[in-house]
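Asker: Questions regarding the structure given below will be posed in turn.
The values are calculated or read from the model by the stated rules, or taken from the named source; none is laboratory data. Here the structure is a predicted model, which is why all the values come from computation and not from measurement. Cβ coordinates were reconstructed from backbone atoms using ideal geometry, including for glycine residues, and neighbour counts include every protein chain displayed. For accessibility, only protein heavy atoms count, side chains too; no ligands or nucleic acids. Shrake-Rupley method; radii C 1.70, N 1.55, O 1.52, S 1.80 Å.
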Amino acid sequence: MPGYEPFLLCDFHVHTRWSDGRLSVREVIDLYGRTGHFDVIAITDHILMKRDLLARAGRLASLGYRRFSVTEDQFDAYLDDIASEGVRARRLYNMLVLPGAEITQNHIRSHKNSHIVALNLKEYISADQPADDILKDIRRQGALSIACHPHHRTTRRVEIGTCYLWDHRKRVAELVDVWEAGNRDDLFSVTSLKHYPYVANSDFHKPKHLYSWKTLVRCEKQWDAIAHALRSNVDVALTLYRNGSWAA
């Protein structure tokens, strides 16, 4: 990233048409790549519970046209799409694209909800199991877990609460690798006050979400180095990316 060497500008929470995003994987990569600023992004489409009522309502409203979840039978094709477009991203933009998913639990009672991003995921993980088991499965795969928007939002967004992991942090903190301290325009300062490792992401669904909180990581542009930096939370900073510029 010009002017911030050797930091990498990263977004670890990006959705595409494989779930509820507006753009394809290729379109997302071109959007980020053409800025000339981004070094690392992760494609993290939703894996929903089989009986997710919000997704069911959305499919009915869209007459079945929109996808809201990567299903188990689609998962290999999903990873193949990310991998092939990742090769193109590295060639055209020198940008590393990580495979991931957001394992999403939406219940009628919001205090039961958890959204967990898994980075560098290799195998499908069902959302129809306790959040603790999801975290253990992520760790078993050698992937990295991020607790998404783990606290109450400060901005006016019509979205359900996802505080389960935070409410049970004493039990799950050892299983969560990183917590989101920034998500789009929201900041969750409670994560830093507890001295948990933290990142900031866009929770990208449509082009305007490009301009949001991001993460700066000082390490080599390869997965092992990035994972080590995030887990240790050394040489990691939050940055607000706005209209092609950023402010640390």
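Asker: Once neighbouring chains are kept in place and the probe is 1.4 Å, which whole percent of the accessible area of the chain is contributed by carbon and sulfur?
Answerer: C and S fraction of accessible area: 52 percent.
Asker: Let me ask something else. Would you mind working out the magnitude of the charge dipole of the chain relative to its Cα centre, with +1 at each Lys and Arg C-beta and -1 at each Asp and Glu C-beta, to the nearest 20 Debye? Mind showing how you got there, number by number?
Answerer: Numbers: 34 positive and 31 negative charges, 141 e Å.
Result for the chain is approximately 680 debye, rounded to the nearest 20.
Asker: Residue by residue through region 215-222, what is 3J(HN,Hα) from phi via Karplus (6.51 cos²θ - 1.76 cosθ + 1.60, θ = phi - 60°)? Round to whole Hz and write x for glycine and proline.
Answerer: 10, 9, 10, 9, 5, 6, 7, 8
Asker: What is the count of Lys pairs in the chain whose alpha carbons sit under 19 Å apart, if the two are 8 or more places apart or on different chains?
Answerer: 7
Asker: Continuing with the same structure: If amide H atoms are built 1.01 Å from N in the plane of the peptide, which residues on other chains or at least 5 residues away come under 5 Å of the amide H of Arg17?
Answerer: HN-HN under 5 Å from Arg17: Leu23, Ser24, Val25.
Asker: In a GNM of the chain with a 10 Å cut-off on Cα contacts, which of Asp186, Asp73, Asp45 has the highest mean-square fluctuation?
Answerer: Its mean-square fluctuation being the largest, the pick is Asp73.
Asker: Let me ask something additional. Which whole-Hz ³J(HN,Hα) couplings does region 39-44 yield from phi under the Karplus relation 6.51 cos²θ - 1.76 cosθ + 1.60, θ = phi - 60°, glycine and proline marked x?
Answerer: 9, 9, 9, 10, 8, 9
Asker: Size of the chain along its principal axes in angstrom, Cα-based, largest extent first?
Answerer: Principal extents (largest minus smallest coordinate, Cα): 46, 40, 37 Å.
Asker: I need the phi-derived Karplus couplings for region 176-185: 6.51 cos²θ - 1.76 cosθ + 1.60, θ = phi - 60°, integer Hz, Gly and Pro marked x.
Answerer: 7, 6, 9, 10, 6, 8, x, 9, 6, 10
Asker: Under 5 Å between amide hydrogens, which residues at least 5 positions from Val199 or on another chain qualify, with H placed 1.01 Å from N in the peptide plane?
Answerer: Amide H neighbours of Val199: Trp179, Glu180, Ala181, Gly182.
Asker: Which of the peptides 215-223, 187-195 is most tightly packed, and how do the rest follow, going by the mean number of other Cβ atoms within 10 Å of each residue?
Answerer: The peptides rank, most packed first, as 215-223, 187-195.
Asker: Between Ala118, Ala101, Ala131, where does the largest GNM mean-square fluctuation fall for the chain, given springs only between Cα atoms within less than 10 Å?
Answerer: Residue with maximal mean-square fluctuation among Ala118, Ala101, Ala131: Ala131.
Asker: Given a 1.4 angstrom probe, what's the average accessible area per residue across the chain, in square angstrom?
Answerer: Dividing the accessible area of the chain by its residue count gives 47 Å².
Asker: Counting DSSP beta bridges with both partners in the chain, what percentage is antiparallel, nearest 5?
Answerer: Roughly 55 percent of the DSSP beta bridges within the chain come out antiparallel.
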